[in-house]
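The values are calculated or read from the model by the stated rules, or taken from the named source; none is laboratory data. Treat the numbers as computed from the prediction; the structure is a model and nothing was measured. Using ideal geometry, Cβ is built from the backbone for each residue, glycine included, and neighbour counts are taken over all protein chains shown.
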C-alpha cells in the first residue's frame, strides 16, 4: 500500500473484530447503527472498544431511519455515548432492490436518498477533519 491509499474493511455487526484487535491499526471506524435497541446497544459496546484500541476517529452512521423519532433516538444515544453522528441515512427500498439484484446501491440508485445522505455526510466530514482528505489520499 502507498501512503495515499485508503482501505475500507466492511465487517459483520459483531464485537469480535474489536476484541481480537483486527482493526487496531485503523485510522477511523464507522459504526453503522439502526434505530433498534439491539443495534444501538452493539454500537454502545463497539465505541469504547475502539477507543481502547486507540482508534482516533470513531463515528456512527444512522441507517434505515424512517421517522423523526428514529433519528432523535439515535442522536440521543450517540450523544449520551460520546459518538459523533456522521450521517443519517433514510430507509430506502432501492437499497434492498440493489441488494436483491446483486449490484451496488450507488449503481442502482445513484440519485436515491440513501446515497445522497451518505455523500453529504462524508463530504461535510472530509472537508473539516484534519488528517482526512478527499481525492488525494488520506487516512480514512
* Select from segment 1-37 the residues that are loosely packed, with under 11 Cβ neighbours inside 10 Å and closer than 19 Å to residue 88 by Cβ and list them in ascending order. => 37
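Go through segment 100-119 and count every residue that is in a helix (DSSP H, G or I) and either modelled with pLDDT of 95 or more or over 19 Å from residue 34 (Cα atoms) (or both). I'd like the intermediate steps shown before the answer.
If we filter segment 100-119 for residues that are in a helix (DSSP H, G or I), which is where we start, we get 100-101, 105-108, 113-119.
If we keep only those that are either modelled with pLDDT of 95 or more or over 19 Å from residue 34 (Cα atoms) (or both) too, we end up with 100-101, 106-108.
Here the count works out to 5.
Does residue 57 qualify as being without any contact (Cβ under 8 Å) to a residue 24 or more places away in the chain and within 26 Å of residue 3 (Cα to Cα)? Explain how you work it out, then say what you get.
Details: without any contact (Cβ under 8 Å) to a residue 24 or more places away in the chain: no; within 26 Å of residue 3 (Cα to Cα): yes.
When the stated conditions are applied, residue 57 does not pass them.
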* Scan of segment 20-39 for residues that are without any contact (Cβ under 8 Å) to a residue 12 or more places away in the chain and either under 10 Å from residue 63 (Cβ atoms) or not in a loop (DSSP other than H, G, I, E, B) (or both), ordered by number -> 37, 38
* Among the residues of segment 95-111, write down those that are out of contact with any strand residue (DSSP E or B) (no Cβ under 9 Å at 6 or more places or on another chain) and crowded, with 16+ Cβ neighbours inside 10 Å. => 98, 105, 108, 109
